[in-house]
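The values are calculated or read from the model by the stated rules, or taken from the named source; none is laboratory data. Not measured: the values here are computed from a predicted model. Note that we place each Cβ from the backbone using ideal geometry, even for glycine, and neighbour counts take in every protein chain shown. Ligands, DNA and RNA are stripped out before the accessible areas are found, and what is left, the full protein with its side chains, is counted by its heavy atoms. Shrake-Rupley method; radii C 1.70, N 1.55, O 1.52, S 1.80 Å.
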Amino acid sequence: ELKEIVFIIQSQSNSFHSKKAEDLKRGILKQAADLGKELPTVLLTHQMEGHEGAWTILPLMRDFSVTYGRNSSWIFFCEEDTGIQVVKLLETLGRFDGSKEWFLGKALYDEESTIIHHYAFAENPTVFKFPDFAAGWALSIPLVNKLAKKLKSEPLKSDFTIDLKHEIALYIWQKGKGPHLTPVPEFCTDDVNSYKADHCATTFSNFLPLCGEPVKKEDVFVAVKTCQKFHGDRIPVVKQTWEREAALIEYYSDYADASIPTIDLGIPNTDRGHCGKTFAILERFLNHSSPRTPWLVIVDDDTLISIFRLRKLLSCYDPNEPVFLGERYGYGLGTGGYSYITGGGGMVFSRIAVQKLLASKCRCYSMDAPDDMVLGMCFSGLGIPITHSPLFHQARPMDYPKDYLSHQIPVSFHKHWNIDPVKVYFTWLAPDTEEPLNGKKVGYNREDL
């Protein structure tokens, strides 16, 4: 029965995202009403009180068990952009015995061991499957109850959340004692209008959000963090690739080099975090850029980014709200920690977010503290939620499953290790992947990267 399914939408409190989640909720309830069925429960994670870590799902398991453990059969999770055909979803879940432990989803796997998964399963990374959240995924209630019981006796470790879908699958697997992910072909990431989608209970739009005209080039100020030792190898890559997309760009270093040019902020380079440098950039943006420039982007000198796509994405956000946008990580979220935007993929701030931050007393506890984590802590203390976009990437294209990237139009990648960064940019991020390079057209095959 439909009323035995609890729908959990992995939502966010930013106004753009919360509206999308509410629209999806309405759509699910309308489909249920049109079927003449008793309405299911539909919950949005960002509305779950007292859980800064609600997006990491596991801290919610005990609540789910207590509230739904007796009268429900399935908890079905989805993203705000997941399309759901309720009748087909009912048929699909009906094939599985809800009294047993099931972990269902569209399976992803690593083709090679990767840093973002702590090089797990290094001997054969393809053996371990984890769910593509965009396609939706489901846990049977007996499995939810078991996880809740485990959490009661073994609280979550207070460390990092980097790739939630992989970490949830590892937690459920319990070193081989728990269930593996069961792949379900009806959980899809094909577009709803695709000929392939006929059999699908879920679909996903392959898109880069655009909510009107892209923001103007002059509305985005780009700050590149660098240091003298990388002027010779990393900065030329920026100049060969995405610099031309930025109308306002400055390079901040520990050495003033007129040929680039770089600006010496008077803060020595550190081998660890760059908190001092980042806060100096924020101060400079507030005090020295035009007050009419609503957006600031801070990137590393080895970040590859599409400013062209970022301008489209930013059309969906209100610059009058405090927005802190990028790829979300978490620290200690099972025990009252905080979320943060990981720096390598690019950190995007609305001017008002920078104003609120600098008006507070929150600052670096040391000059070489990790800037991204300190910012996460500060914004958390101010009650300003960070906003996650899966289109920003802390690692290289090869560090993600091909099937995961296939339904994305990425905004950024990070790191130059063992890759040709210029080739990666023109393959994945250029406004036109046939972009002329020195007068010649270049086109690359993503499969090669």
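Given H placed 1.01 Å from N in the peptide plane, which residues other than close sequence neighbours of Gly332 have an amide H under 5 Å from its amide H?
Sorted by chain and number, the residues that satisfy this are Asp159, Phe160, Thr161.
Could you pull out every residue, at least 5 positions away or on a different chain, whose amide H is within less than 5 Å of the one on Phe221? Hs are placed 1.01 Å off N in the peptide plane, and Pro or chain starts have none.
The answer is Trp295, Leu296, Val297.
Using 0.36 nm per residue of separation minus the Cα-Cα distance, give me the extension gain between Lys88 and Asp403 in nm, one decimal.
Net length gain for the segment: 111.1 nm.
So how do 329-337, 177-185 stack up, highest first, on mean other-Cβ count within 10 Å?
Ranking the peptides 329-337, 177-185 by packing returns 329-337, 177-185.
Is there a quick way to get the dipole size of segment 217-429? I mean about its Cα centre, with the Cβ of Lys and Arg at +1 and of Asp and Glu at -1; what is the value in debye to the nearest 20?
Here the size comes out at about 320 debye.
Projecting each Cα onto the charge dipole of the chain (Lys/Arg +1, Asp/Glu -1 at the beta carbon, about the Cα centre), which of Gly332, His180, Thr303 comes out farthest on the positive side?
Going by the Cα projections, it comes out as Gly332.
Quick one: which residues, 5 or more positions from His393 or on another chain, have an amide H under 5 Å from its amide H? H modelled 1.01 Å from N in the peptide plane, none for Pro or chain starts.
Counting only residues 5 or more places away or on other chains, the set is Ser412, Phe413.
So which cysteines in the chain don't have a second cysteine's C-beta under 4.7 Å from them?
Lacking a cysteine Cβ partner under 4.7 Å: Cys78, Cys227.
Testing the spin-label approximation: label points 7 Å from Cα along Cα→Cβ at Asp368 and Asn287. State their distance in nm.
Inter-label distance under the simple model: 2.6 nm.
Which value, in Å² and to the nearest 10, is the accessible area of Phe413 when all protein chains are kept and the probe is 1.4 Å?
Accessible area of Phe413: about 0 Å².
Would you work out the charge dipole size for the chain about its Cα centre, treating the Cβ of every Lys and Arg as +1 and the Cβ of every Asp and Glu as -1, and quote it to the nearest 20 debye?
Dipole magnitude for the chain comes out near 780 debye.
Heavy atoms only, probe 1.4 angstrom, no DNA, RNA or ligands counted: give me Met373, Met347 ranked by accessible area, highest first.
Most to least solvent-accessible, the answer reads Met373, Met347.
Can you give me the solvent accessible area of Phe121 with a 1.4 Å probe, rounded to the nearest 10 Å²?
Around 60 Å² of this residue is reachable by solvent.
Once you charge only the Cβ atoms, +1 for Lys and Arg and -1 for Asp and Glu, what is the size of the charge dipole of segment 39-145 about its Cα centre, to the nearest 20 debye?
The calculated dipole for segment 39-145 is roughly 520 debye.
Which whole-Hz couplings ³J(HN,Hα) result when phi for each residue of segment 322-327 is put into the Karplus expression 6.51 cos²θ - 1.76 cosθ + 1.60, θ = phi - 60°, listed in order with x for Gly and Pro?
x, 10, 10, 10, x, 8
Using the beta-carbon distance between Val66 and Glu123 and R0 = 30 Å, what value does 1/(1 + (r/R0)^6) give for FRET efficiency, to the nearest 0.05?
Result of the calculation: an efficiency of 0.15.
Projected onto the charge dipole of segment 66-186 (+1 at Lys/Arg Cβ, -1 at Asp/Glu Cβ, origin at the Cα centre), which of Pro142, Ile116, Ala169 gives the Cα projection farthest towards the positive end?
The one lying farthest along the dipole's positive direction is Pro142.
With every protein chain in place, what's the accessible area of Cys211 (1.4 Å probe, Å², nearest 10)?
70 Å²
Per 0.36 nm of contour for each residue apart, how much would the distance between Leu35 and Asn320 grow if the chain were fully extended, relative to their Cα-Cα spacing?
Extra length from Leu35 to Asn320 when fully extended: 98.5 nm.
Report the full-extension gain for the segment Arg272 to Gln240: residue separation times 0.36 nm, less the Cα-Cα distance, to one decimal in nm.
Once the chain is fully extended between Arg272 and Gln240, it gains 8.8 nm.
Whole-Hz ³J(HN,Hα) for each residue in segment 126-140, computed from phi via Karplus 6.51 cos²θ - 1.76 cosθ + 1.60 with θ = phi - 60°, x for glycine and proline: what do you get?
Those phi angles translate into 5, 6, 9, 9, 9, x, 7, 4, 4, 8, x, 8, 9, 10, 6 Hz.
Hey, with R₀ at 45 Å, roughly what FRET efficiency would Ala256 and Ser194 work out to, going by the Cβ-Cβ distance, to 0.05?
0.25
Using just the helices of the chain, give the 222 nm mean residue ellipticity in deg cm²/dmol: DSSP H runs with n ≥ 4 each add -39,500 (n - 2.57), and the total is spread over all residues, rounded to 500.
-8000 deg cm²/dmol
From the residues Ala258, Asn71, His274, which one has its Cα farthest along the dipole of the chain in the positive direction, the dipole being from +1 and -1 charges on Cβ of Lys/Arg and Asp/Glu about the Cα centre?
Result: Asn71, furthest along the dipole toward the positive end.
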